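> Dropping the structure in here first, questions after.
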Amino acid sequence: MASKAITEKWLGQLTHLPTASGREDEVMAWVKTWVSRRADLKLTIDSGGNILITQKGRKRWDPVTAVAHMDHPAFVVSEVEGRSVHYEFRGNVNPEYFTDARVEFRVAGAAVRGRVAQHDSESGVGVVRLDRAAGLQPGDIGMWVFRRRSVPTGRFAAPACDDLAGVAASLAALDRARGNAELRHFSVLLTRAEEVGLVGAIHAARTGSIPLTSRLFSVETSRELPQARIGDGPIIRVGDAMTVFDRELTNLVTMGARATGLKHQRKLMSGGGCEASAFGLFGYRATGICLALGNWHNRGNLSAVEAGTGEAIPMTEEISLDDFHGLVELLLVAAGAVDGVDPQVASLSRGYEQMRRYLT
């Protein structure tokens, strides 16, 4: 079982890898290497490039699967003309963040920087003017240049916590589940192209990449809200901006967390949609587990920008390390809780029997 220091190492490595919708290659390579070192795990890639990691051996229960996505909003090179780099931005970021913004690409391990010269907010395409000519190729990935800043004690900041922190937590939970026969049904699905419309998740659902009997946890980082704060524990997510999640599954996870005394929150996280909605709408039982996230999609001062009162500053995303380790614990608790029985039906029935005399 990996220590907290090792899982934080995985978190740091994954959240600094360049990735974008349809260009998750480096994350996928990292995951393949990670799985190859564990002979008791099996890696399968579906026709859309989603990665399913299962444990070998006989399972007592139907699958429980943690789902996280491998992409993050980013600039993807479409054409290079001298120092002018044409790009498609894949993901949801307010147009204010592109105005005169600094962007960094990696060429043979070296940083090449430039500035956004044009951006069309409708199509997401634009042009970066490089500081110097470089050997960029179509498909290369660019990210904002972030201002240096101090990170509060206990916090973790990186370019792509959404959703590489979810990937790291899911793999850490799987690593801890190994060797426990009661958790052999726990698996991880890592999807592609979430940021451009939940595409990988929809593909997995429509093509049956995982059994319909699976119980799914969408493992995410979600925009910090006034009622869902960083540092207050991992969040059992009852719904998102699209839908509410599976009632029984969400209740079983909640009761499992309460029974163990694990610090957690239970919230409606309405900042955006997540893959639990996609799977639920296609007939799967799904709920959500997430971390509160600062600077969602690298948008510093987002609330002020939305209100028209603040400067749009690209920033690294930020989570609590205690929340991250709590998320790993919560995934394991949830995997063991979902085959229980929701006692609330029996509790309500007992109350009814005691009090139905008031109906006569």
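> Rounded, prolate or oblate, given the Cα gyration tensor of the stretch 276-329, with a/c below 1.5 counting as rounded?
oblate
> Over the alpha carbons of the stretch 74-144, what is the largest minus smallest coordinate on each principal axis, giving the biggest first in Å?
30, 20, 20
> Now, a different point. So if I take the centroid of the Cα atoms in the stretch 171-195 and the same for the stretch 221-287, what is the distance between those two points in Å?
Using only Cα atoms to place each centre, the spacing works out to 18 Å.
> If you don't mind, there's one more thing I want to ask. Hand me the GluC sites (Glu not before Pro) from the stretch 260-360 located in a DSSP loop with no more than 16 other Cβ atoms within 10 Å, in residue order please. List each step's numbers first, then the result.
Values: sites: E275, E306, E311, E317, E318, E329, E353; in loops: E311.
Within the stretch 260-360, the qualifying GluC sites (Glu not before Pro) (loop, at most 16 other Cβ atoms within 10 Å) are E311.
> Given the pairs K32/K263; K9/K42; K56/K263; K9/K263; K4/K263, which span a C-alpha to C-alpha distance of over 29 angstrom in this model?
On the way: K32/K263 32 Å; K9/K42 23 Å; K56/K263 31 Å; K9/K263 23 Å; K4/K263 17 Å.
Exceeds cut-off: K32/K263; K56/K263.
> Right, something else. Give the aspartates and glutamates whose C-alpha is closer than 19 Å to that of K59, dropping any in the same chain fewer than 8 places away, or say none.
Cross-link targets: D40, D175, E182, D339.
> How would the stretch 146-227 be classified by its alpha-carbon gyration tensor: rounded, prolate or oblate, with rounded meaning a/c under 1.5 and the a/b versus b/c comparison settling the rest? Mind dumping the intermediate values first?
Working: a/c = 2.56, a/b = 1.45, b/c = 1.77.
Cα axes put the stretch 146-227 in the oblate bin.
> Give me the extension gain from H16 to V145: residue separation times 0.36 nm, minus the current Cα-Cα distance, reported in nm with one decimal.
Numbers: separation 129, 0.36 × 129 = 46.44 nm, distance 1.30 nm.
Going from the current span to full extension adds 45.1 nm.
> Around R285, with a cut-off of 14 angstrom between Cβ atoms, what is the net charge of the other residues, counting Lys and Arg +1 and Asp and Glu -1?
Values: positive: R215, R247; negative: D62, D246, E248, E275, D339, D342.
Local net charge: -4.
> Rounded to the nearest 5, what is the percent of antiparallel bridges among the DSSP beta bridges in the chain?
Details: 48 of 71 bridges.
Percentage antiparallel, nearest 5: 70.
> May I ask what percent, to the nearest 5, of DSSP beta bridges between residues of the stretch 74-144 are antiparallel? If you can, show how the numbers build up before the last one.
Numbers: 28 of 28 bridges.
Once the DSSP bridges in the stretch 74-144 are tallied, antiparallel ones form about 100 percent.
> Still on this structure, I have one more. Semi-axes, largest first, in whole Å: what does sqrt of 5 times each Cα gyration tensor eigenvalue give for the stretch 136-182? It would help to have the intermediate numbers written out before the result.
Numbers: eigenvalues 191, 79, 7 Å².
With the √(5λ) rule applied to the stretch 136-182, the semi-axes are 31, 20, 6 Å.
> Right, here's the next one. Sort W144, W34 by Cβ crowding within 10 Å, fewest neighbours at the top.
Details: W144 24, W34 19.
The fewest-first ordering by Cβ neighbours comes to W34, W144.
> What fraction, in whole percent, of alpha-carbon pairs in the stretch 1-128 exceed 20 Å separation?
On the way: 4686 of 8128 pairs.
Summing the P(r) of the stretch 1-128 above 20 Å gives 58 percent of all pairs.
> So, by mean Cβ neighbours within 10 angstrom, what's the order for 343-350, 51-58, 166-173 with the highest one leading? Each step should come with its number before you reach the end.
Values: 343-350: 10.4, 51-58: 17.1, 166-173: 27.9.
Top of the packing list down: 166-173, 51-58, 343-350.
> Pop a pseudo-label 7 angstrom from the Cα along the beta-carbon direction at both L348 and A5 and give the gap in nm to one decimal.
5.0
> Would you grab the residues whose amide H sits under 5 Å from the one on T65? Only those 5+ places off in sequence or on another chain, please, with H modelled 1.01 Å from N.
HN-HN under 5 Å from T65: S187, R215, L216, F217.
> Separate question: Averaged over every viewing direction, what's the projected area of the C-alpha convex hull for the stretch 95-203? Give it in nm², one decimal, please.
Details: hull surface 43.5 nm².
Mean projected area of the Cα convex hull: 10.9 nm².
> Decide, for the stretch 1-42, between rounded, prolate and oblate: order the square roots of the alpha carbon gyration tensor eigenvalues as a ≥ b ≥ c, take rounded if a/c falls under 1.5, and otherwise choose prolate if a/b is larger than b/c, else oblate. Intermediate results must be reported in sequence, preceding the final value.
Details: a/c = 3.54, a/b = 1.28, b/c = 2.76.
Here the stretch 1-42 falls in the oblate category.
> So what's the convex hull volume per residue for the Cα atoms of the chain, in Å³? Mind dumping the intermediate values first?
Details: hull volume 58.5 nm³, N = 360.
Each residue corresponds to 162 Å³ of Cα convex hull volume.
> Once every DSSP H run of n ≥ 4 in the chain is given -39500 (n - 2.57) and the sum is divided by its residues, what mean residue ellipticity at 222 nm do you get, rounded to the nearest 500 deg cm²/dmol?
Values: 9 runs with 106 residues, N = 360.
Calculated mean residue ellipticity at 222 nm is -9000 deg cm²/dmol.
> Considering all alpha-carbon pairs of the stretch 177-300, what whole percent are spaced by more than 27 angstrom?
Working: 1339 of 7626 pairs.
Taking all Cα-Cα pairs of the stretch 177-300, the fraction more than 27 Å apart is 18 percent.
Every number here is computed from the coordinates shown, using simple stated rules; none is lab data. Just so we're clear, the structure is a prediction, and the values are computed from it rather than from any experiment. Neighbour counts are summed over all protein chains in view; Cβ atoms, including those assigned to glycine, are modelled from backbone coordinates with ideal geometry.
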